[in-house]
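Structure, as structure tokens:
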Amino acid sequence: MIFRSSKEITDKSTRADGAILRDHNVSLILHLAWQAGEISRIDLARESGLAPSTVSKIVGNLISTGVLREARVASTASGRPPIVLQYDDSVYKLLGIDLGATHVSVALTNLRGRVLSWQTRVHDVRGDPEGALSLAVELTHAAIAEAGTSLSSVVGAGLGVPSPVDLADPDHLAERILPAWAKVRPGAWLSGRWACPSP
């Protein structure tokens, strides 16, 4: 049995709360920038309610990732003109994989959801899970090649399956509907292939 002091538990809890707050603030700034398309640091601070120093730190980190960039200096009647930040929709990509009963489809989009490549092929998804997942990987690489990008630019993926999904165990498909998939976990299979987190 491992015993921990109350101070150690409190310190870990504080760090966790701090990380959650930082993630929330980053998400808030990203959402505001995504929604506006172009926005200044001053406007981000005003609309988010965050301190200007907090906004500047978050923006600096987002600029380093390429999601935001300094686009231009805004015109102003008086005072120091603000720098307008621009949300870059194309720096990263999103992937959607649809496993239908009889088809596999893959869509690659930019961060605003504009489809850059669409690949689809007829396949017996119900009866051939390994083949369906291998085909999903093949079509993903075809979509990436058509869009002229790389797998490393994909920051998120969604997987649709022809089965009810239990939110407590989303990677386990209904065996009565898809008996051939009883021992197959599609999310884990794909994440293992691409070395990324599974649901």
Lys, Arg +1 and Asp, Glu -1 on Cβ, resulting dipole of the chain about Cα centre, debye, nearest 20: 600
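In which sequence would VAL122, VAL91, VAL59 go, from the one with the fewest C-beta neighbours within 10 Å to the one with the most?
VAL122, VAL91, VAL59
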Unit charges at the beta carbon, dipole of segment 93-194: most positive-side option, LEU99, TRP194, LEU173: TRP194
Segment 54-102, dipole about Cα centre (Lys/Arg Cβ +1, Asp/Glu Cβ -1), debye to the nearest 20: 280
Dimensionless Rg over Rh [segment 20-87; C-alpha; Kirkwood]: 0.96
Structure-based [θ]222 nm, the chain - -39500 (n - 2.57) summed over DSSP H runs of at least 4, per residue, nearest 500: -13500 deg cm²/dmol
GNM result for the chain, Cα springs below 10 Å: residue of THR140, THR120, THR54 fluctuating most strongly: THR54
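What FRET efficiency comes out for ALA71 versus VAL165 if R0 is 35 angstrom and r is the Cβ-Cβ distance? Round to the nearest 0.05.
The pair ALA71/VAL165 has a calculated efficiency of 0.30.
Could you tell me the relative contact order of the chain? Use alpha-carbon pairs under 8 Å, at least six residues apart, and round to a whole percent.
Details: 274 pairs, mean separation 26.3, N = 199.
Relative contact order here is 13 percent.
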Kirkwood-Stokes translational diffusion coefficient of the chain, alpha-carbon pairs, 37 °C, 0.692 mPa s, µm²/s: 164
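Please figure out what share of the DSSP beta bridges in the chain is antiparallel and state it in percent, rounded to the nearest 5.
Of those bridges, close to 80 percent are antiparallel.
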FRET efficiency, 1/(1 + (r/R0)^6) with R0 45 Å, evaluated for ALA174 and ARG114 via beta carbons: 0.85
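Any read-out appearing in this document is the output of simple, stated calculations on the displayed coordinates, not a laboratory observation. Please read these numbers as outputs of a predicted model, since none were measured by experiment. We place every Cβ from the backbone using ideal geometry, glycine too, and count neighbours over all the protein chains shown.
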